[in-house]
Amino acid sequence: MLASAQEGIAARALAELGIDAEQLVQAAERVRAGGPPSDFAPDSALLAQSETVRVEKEAAIAARDFERAANRRDRERELLREACEAREVAEEHLCEQLVTDVRARLGLSKS
């Protein structure tokens, strides 16, 4: 991992950017160990709604109400799509912010 390099170009680049390599390593270890949820995790409310709809879909299948099951399937897909899209927007925003911050630290123009 880049942050584990104590010497060389990687270590100098991290230092130049003002990134504490040890904190970066600790953060990565927390994530690997199941630390606090990521900002990119899907919206828990949307996931909860999706789970409720999934249960309704399964009940409709068991009752052989296939029209309702299809309706619930479509709603479940819609909720999961919304959750994924929201995560993608958050990721994109963070990437843009990181690039802006790195450029500013390096004294580069926005071009």
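Per-residue answers, yes or no, for (1) modelled with pLDDT of 95 or more; (2) of a type outside the set (G, A, S); (3) under 30 Å from E16 (Cβ atoms):
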residue: A70; (1), (2), (3): yes, no, no
residue: R81; (1), (2), (3): no, yes, no
residue: E92; (1), (2), (3): no, yes, yes
residue: D101; (1), (2), (3): no, yes, yes
residue: G107; (1), (2), (3): no, no, yes
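Being modelled with pLDDT of 70 or more and in a helix (DSSP H, G or I) is the filter here; which residues of segment 31-45 pass it?
Result: S44, A45.
Of everything in segment 55-73, what is over 19 Å from A45 (Cβ atoms) and assigned to a helix (DSSP H, G or I)? Give them in sequence order.
If the condition is that a residue be over 19 Å from A45 (Cβ atoms) and assigned to a helix (DSSP H, G or I), then E58, A59, A60, I61, A62, F66, E67, R68, A69, A70, N71, R73 are the ones that fit.
May I ask you to list the residues in segment 1-13 that are modelled with pLDDT of 70 or more, surrounded by 11 or more Cβ atoms within 10 Å (Cβ to Cβ) and either in contact with a strand residue (DSSP E or B) (Cβ under 9 Å, 6 or more places away or on another chain) or among the hydrophobic types (A, V, I, L, M, F, W, C) (or both)?
Answer for segment 1-13, where residues must be modelled with pLDDT of 70 or more, surrounded by 11 or more Cβ atoms within 10 Å (Cβ to Cβ) and either in contact with a strand residue (DSSP E or B) (Cβ under 9 Å, 6 or more places away or on another chain) or among the hydrophobic types (A, V, I, L, M, F, W, C) (or both): A10, A11, A13.
How many residues, within segment 50-67, are among the charged types (D, E, K, R) and surrounded by 15 or more Cβ atoms within 10 Å (Cβ to Cβ)?
So the answer is 3.
The values are calculated or read from the model by the stated rules, or taken from the named source; none is laboratory data. The shown structure was predicted, so the numbers you read here are calculated from the model rather than taken from an experiment. A quick note on method: Cβ atoms are made from the backbone with ideal geometry, for glycine too, and the neighbour counts reach across all protein chains shown.
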